[in-house]
Amino acid sequence: MRRLFIANRGEIAVRIIRSAHALGISTVQAVSEADGDMLAARLAGATVVVGPARASKSYLNGAALVQAALESGCDAVHPGYGFLSENAEFAAAVEAAGLVFVGPSAQIIRRMGDKVEARLTAKAAGVPTVPGSDGRVTPETAHAVAEQIGLPLMIKASAGGGGRGIRIVERREELETQLAQASAEAKAAFGDGGLYLERFIRRARHVEVQIIGDGADVVHLYERECSIQRRRQKVWEEAPAVALKPEIRAALCESAVRLGRSVNYKGAGTLEYLYDEESERFFFIEMNTRIQVEHPVTEMITGLDVVQEMLRIAAGRRLSVRQDEVVARGHAIECRINAEDPRRQFAPNPGVVTEFHVPGGPGVRFDGAIYPGYRIPIFYDSLLGKLIVWGETREAALGRLRQALAEMQVSGVETTLPLHRSLVEDPEVLESAVHTNWLEAWLAAHFSPGHAGPTGGGQT
Amino acid sequence: MAVKSMVSPVIGQFYSRPDPQQPPYLQPGDAIAAGATIGLVEVMKTFTRVEAEEAGRFVRYLVEDEDMVMPGDALFEYEA
């Protein structure tokens, strides 16, 4: 691999360029017509305009990206996250053009991207999945299935999605009426009354395991805890997950390696799980076959460069580490800094960054895509960068994070910095007493419009 | 009956239809109820619904589907 085409934008493009250049690989950055001034375009060895501002005509235009990669003399394509990173057709098109796709094969992307298929693959590898009906239930079969799953359970519409068409059953007596109502509702809403059942985990944590594989061996790089979410978007991530006992952590990470090995996984991947603190059980939910936004917390505790590992593996090299050489040390926390106003329902806030101060000191890192004078385009997501801290203990990391958040300054646009400054003082965050619905309830109580927030008002 | 217009509350990309495969929310002459959806404005992958402030009769869109709009740009005309 000599010349890498970056089919993405924003902070992850910057991140990829840094690792590629450190390995002596030159870079060509794809840019839309709206992105000529982005930081990645300034850092890359060269840029190619791949299409108009709208992502559907640029960063999602597979044919234009492949052509640009070929014409600019690249021999490999890194898809980043989002956009076409988990698009099997794009991976196949890259390979068909004689280029290396930095990620797993199209076949694996397709297989693990299909929720049903991924669940079956996990089951076959002995990885626990959320107990549920395998497919649809009828009023006749529902009782027997409910008996197996246990209560409370969720009735979900087969044709639903994104939280729509879900009912929770607490007591067995309710099951029959709830099923009938859910079926009628699903038929009205989706034109399909089909239902399936799943165990309802009241207070779930979101934990996930980073794996890397070279097609022959798979290792895990330990787990991350990402329960602090708003509308299913992660806001704050940590490694390791302090809620897990050592034996549970070991079993969780081993299960991820087992699943990765069962498909001869090649590249970086993340297995996402729900963790039920009451029963101390974890359940596989899905796999992402790409780099993730929150990979830096893993890098901070393991000392590994996950993007470099991806590039090495794509170039046909073996993993640089064996499992017994992967050592987790200390604790890392990442805060996502978005151009959103947390005091106004997280309204997106595009504009010009007038001032920008990056905090420093030991264990402090910022992976970002902004600079003073940068105009944030309106066409893409709101992630400006990620503030990441490391400490020997979680307490030490929180102390560094508190100072780094106080130092950090972004002017010209509203950001989520005030939210993080409040979170870092919150007693439940300090104890990691959180679950996936924790932040939304906390926001309603502490950060609703007009509320000054626990640390007082002031726009930053 | 006076012809009035309604402006965009935000900067973004205007959509006169729920998705590219569907017809526009409104055709000239359509009756509109207060609160009815007239279009969408997308900014940073977040969609803001543009809702009719009052009941009336739709006259025409003043911007094209997928046009960039600024806060205060007139989006459509209606009679009320």
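The values are calculated or read from the model by the stated rules, or taken from the named source; none is laboratory data. Note that this is a predicted model, so its numbers are computed, not measured. Glycine gets a Cβ as well: all are built from the backbone with ideal geometry, and neighbour counts include every protein chain shown.
Quick notes
- Residues in the range A:262-308 that are in contact with a Gly (Cβ under 7 Å, 6 or more places away or on another chain), under 16 Å from A:Ser85 (Cα atoms) and outside any loop (DSSP other than H, G, I, E, B): A:Lys266, A:Gly267, A:Gly269, A:Met287, A:Asn288.
- Residues (assigned to a strand (DSSP E or B), modelled with pLDDT of 95 or more and closer than 11 Å to A:Thr415 by Cα) located in the range A:342-368: none
- Within the range B:44-79, tally of residues that are part of a loop (DSSP other than H, G, I, E, B), surrounded by 15 or more Cβ atoms within 10 Å (Cβ to Cβ), in contact (Cβ under 8 Å) with a residue 40 or more places away in the chain and of a type in the set (A, V, I, L, M): 3
The rows are residues; the columns are (1) of a type in the set (Gly, Ala, Ser); (2) touching a residue at least 60 places away in the same chain (Cβ under 8 Å); (3) in contact with a strand residue (DSSP E or B) (Cβ under 6 Å, 6 or more places away or on another chain).
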{"residue": "A:Glu185", "(1), (2), (3)": "no, no, no"}
{"residue": "A:His206", "(1), (2), (3)": "no, yes, yes"}
{"residue": "A:Tyr222", "(1), (2), (3)": "no, yes, no"}
{"residue": "A:Gly267", "(1), (2), (3)": "yes, yes, no"}
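- Residue match in the range B:32-43 (condition: under 30 Å from A:Ala339 (Cβ atoms), surrounded by fewer than 16 Cβ atoms within 10 Å (Cβ to Cβ) and within 13 Å of chain A (Cβ to nearest Cβ)): no
- As for the range A:104-114, it holds at least one residue that is crowded, with 19+ Cβ neighbours inside 10 Å and not aliphatic (A, V, I, L, M).
- When the range A:43-80 is limited to residues that are charged (D, E, K, R) and under 26 Å from the mean Cα position of the chain (by Cα), the one that is farthest from B:Asp67 (Cα to Cα) turns out to be A:Lys57.
- Residue within the range A:252-261 that is within 30 Å of A:Asp75 (Cβ to Cβ) and assigned by TED's automatic domain parsing to the domain that holds A:Asp367 present: yes
- Residue match in the range A:122-140 (condition: in a helix (DSSP H, G or I), crowded, with 16+ Cβ neighbours inside 10 Å and out of contact with any Phe, Trp or Tyr (no Cβ under 6 Å at 6 or more places or on another chain)): no
- Test: A:Leu311 is more than 14 Å from chain B (Cβ to nearest Cβ), within 18 Å of A:Arg15 (Cβ to Cβ) and part of a strand (DSSP E or B): no
- Number of the condition not met by B:Tyr25 [criteria: (1) free of Cβ contacts under 8 Å to residues at least 60 places away in the same chain; (2) over 13 Å from the mean Cα position of the chain (by Cα); (3) more than 14 Å from chain A (Cβ to nearest Cβ)]: (2)
- Qualifying residues in the range A:374-416 (those that are within 14 Å of chain B (Cβ to nearest Cβ) and of a type in the set (A, V, I, L, M)) - the one farthest from the chain's Cα centre (by Cα): A:Val413
Residue-wise test of (1) crowded, with 19+ Cβ neighbours inside 10 Å; (2) farther than 19 Å from A:Val218 by Cα; (3) within 14 Å of chain B (Cβ to nearest Cβ).
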{"position": "A:His295", "(1), (2), (3)": "yes, no, no"}
{"position": "A:Glu299", "(1), (2), (3)": "yes, no, no"}
{"position": "A:Leu304", "(1), (2), (3)": "yes, no, no"}
{"position": "A:Asp324", "(1), (2), (3)": "no, no, no"}
{"position": "A:Cys335", "(1), (2), (3)": "yes, yes, no"}
{"position": "A:Gln345", "(1), (2), (3)": "no, yes, yes"}
{"position": "A:Gly360", "(1), (2), (3)": "no, yes, no"}
